[in-house]
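The values are calculated or read from the model by the stated rules, or taken from the named source; none is laboratory data. Nothing here was measured: the structure is a model prediction, and the numbers come from that model. Cβ: placed from backbone, ideal geometry, glycine included. Neighbour counts: every protein chain shown. The protein model used for the area step is the full one, side chains on, heavy atoms only, and it has no ligands, DNA or RNA in it. Shrake-Rupley method; radii C 1.70, N 1.55, O 1.52, S 1.80 Å.
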Amino acid sequence: MASELAGYPYSEVRFDKAARLVDPGDRIGVQRMVAENAVTDLVVLAHGWNNDMDEARVLYRTLAGSLRALQDGGDGPLVGNRRLGLVGVLWPSKKFAETDLIPGGAASFGTDPREHLERRIDDLRDAFDAADGEAMLAEARSLTGSLEDSAAARRRFAELIRSAVPGDAGEDEDASRVFLDLDADQLFAQLDDPTLDDPTLLPPVGEGGGGGAAVLDLPAVGGDAGTGLDGGAGAGFGLGGMVKAAERLLNFATYYQMKARAGLVGGRGLAPLLREVVTPPLRVHLVGHSFGGRLVTAAAASDDGVAHVDSLVLLQAAFSQYGFAQDWEPHVDGAFRKVLTEGRLTGPLVITHTRNDRAVGIAYAIASRIANQVGAEVGGPRSRFGGIGANGAQLTPEVEQLALLPIGGRYAFAPGRVYNLRADTFIADHSAVTGREVAHAILSSVAIA
């Protein structure tokens with residue numbers, strides 16, 4: 001493990017599926033790093049969809065390089081005499097297959113949909129928390145040849161996949177409760193929708209607009225029979241039928257499992273660790289990418305964590321756009337609303353979002369279809385089910401709508417405020433979060449603490 005990244009003191013903390021430290025010495029390592037380097041500001045980085053630790057380390061190293069380039073070049077916000085130290089969180093996560101982020105999925109590569117589904121199942125054998133999860137996936141794999149013709153096979157497939165994920169973490173905000181409870185025949189029927197493979201066809205986010213107590217009022221994209229999609233968008237889609245529907249079901253189960261695990265690791269793993277290693281006047285700044293955004297937010301919301309967080313930055317976060325909402329349904333606040341209302345965050349909450357993010361877009365397009373929503377609503381800001389990495393925080397009174405600025409731009413961040421940074425210009429996809437413009441936003445949030 002490196003002891004520095006791009007000249008910053010660096011330490012890692014590794015968690016297992018149950019949010020336990022893989023090595024209790026990691027905690028001591030962070031404490032030693034802070035003490036030996038006179039660190040004043042601890043910047044905690046959490047990755048999202050990754051298959052191994054090397055991918056996470058590449059993310060951290062590249063982002064650290066952008067932070068360093070800004071500070072050394074005099075282009076970053078001034079942080080005075082403060083000394084930044086970085087902590088890299090490593091936790092077991094999985095991601096969608098890359099082919100799922102390309103219109104048409106595996107069909108674009110001439111791969112048989114059944115073979116593609118089987119490879120996805122093989123790749124996810126250790127991804128789920130159920131004690132007999134591997135056996136469930138093995139049986140599900142044996143059913144792939146019968147999915148097109150057998151309703152019984154589809155019902156059993158759905159039963160197995162849903163049984164492999166934790167049953168107590170379903171939420172209304174992202175249709176995961178519906179996913180667990182919906183009749184299997186209806187679930188397959190909802191997911192037999194080829195337009196779900198290309199979330200870039202969803203309506204664009206409108207310019208400006210207040211983020212206060214109302215969802216952005218956005219125009220629908222014109223299209224075929226009121227679908228909100230371009231009339232020719234479906235051309236080339238649809239190969240695989242029920243097999244492709246099964247893959248979408250598996251993708252959402254993966255999303256749901258990683259969502260649950262990120263919350264667990266954040267609330268029961270990272271939060272108590274930070275409580276032990278962070279003592280005044282040390283400041284703590286949480287930065288999470290993808291499901292790492294949910295992880296650090298869960299840490300900030302935990303009663304077992306530090307008294308307060310000095311800034312929170314979510315880079316293409318993979319959780320509901322209503323996570324911080326007030327009354328997103330009558331008398332129902334978002335799951336993390338208390339981060340803003342109970343004094344847990346003393347600095348800004350900064351959120352990058354873009355419709356360039358296919359991963360978050362696909363997950364919430366699937367969620368919308370599971371809940372039987374169609375057309376212009378699917379996955380968009382007006383939808384009951386939309387991702388914060390695609391649309392920013394919605395129904396959140398503290399929010400301000402801004403853009404991710406170029407280097408040299410100046411943010412007027414203020415404590416207790418939420419900033420939706422529309423990032424279409426600088427973030428090309430779900431993982432493109434290590435550039436200097438992103439680093440500039442992170443340093444800007446740190447600087448006001």
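The H on the amide N of Gly387, modeled in the peptide plane, is under 5 Å from the matching H of Gln321, each at least 5 residues off or on a different chain. Rounded, prolate or oblate: which fits segment 243-319 when a ≥ b ≥ c are the square roots of the eigenvalues of the alpha-carbon gyration tensor, with rounded for a/c under 1.5 and prolate only if a/b beats b/c? Taking the square roots of the gyration eigenvalues as a ≥ b ≥ c, segment 243-319 is prolate. The peptide list 289-295, 383-389, put in order of mean Cβ contacts within 10 Å with the highest first, becomes 289-295, 383-389. The peptide list 419-429, 84-94, put in order of mean Cβ contacts within 10 Å with the highest first, becomes 84-94, 419-429.
Per-residue packing, averaged as other Cβ atoms within 10 Å, sorts the ranges 303-311, 17-25 into the order 303-311, 17-25, beginning with the highest.
Write down the percent of antiparallel bridges among all DSSP beta bridges whose residues are both part of segment 1-95, to the nearest 5. Don't skip to the answer; put the middle values down first.
On the way: 3 of 14 bridges.
In segment 1-95, approximately 20 percent of DSSP beta bridges are antiparallel ones.
Probe radius 1.4 Å, ligands and nucleic acids left out: which of Thr341, Thr144, Thr195 has the largest accessible area, and how do the rest follow?
Highest to lowest solvent-accessible surface, that is Thr341, Thr195, Thr144.
Within a straight-line Cα-Cα reach of under 21 Å, Lys94 can be paired with the following lysines, leaving aside sequence neighbours fewer than 8 residues apart in one chain: Lys17, Lys244, Lys259. For segment 327-449, the gyration tensor built on C-alpha atoms gives an oblate shape. Its axis ratio a/c (a ≥ b ≥ c) is at least 1.5, and a/b is not larger than b/c. The spacing between segment 250-304 and segment 412-430, judged by their C-alpha centroids, is 20 Å.
So what is log10(I(q)/I(0)) for segment 380-449 at q = 0.20, 0.27 1/Å, when the Debye sum runs over its Cα atoms only? For segment 380-449, the Cα-only Debye profile gives -0.91, -1.35.
Using the alpha carbons of segment 14-60, what is the convex hull volume per residue in cubic angstrom, as a whole number? Display every interim value, and only then the final one.
Numbers: hull volume 4.5 nm³, N = 47.
Looking at segment 14-60, the number lands at 95 Å³ per residue.
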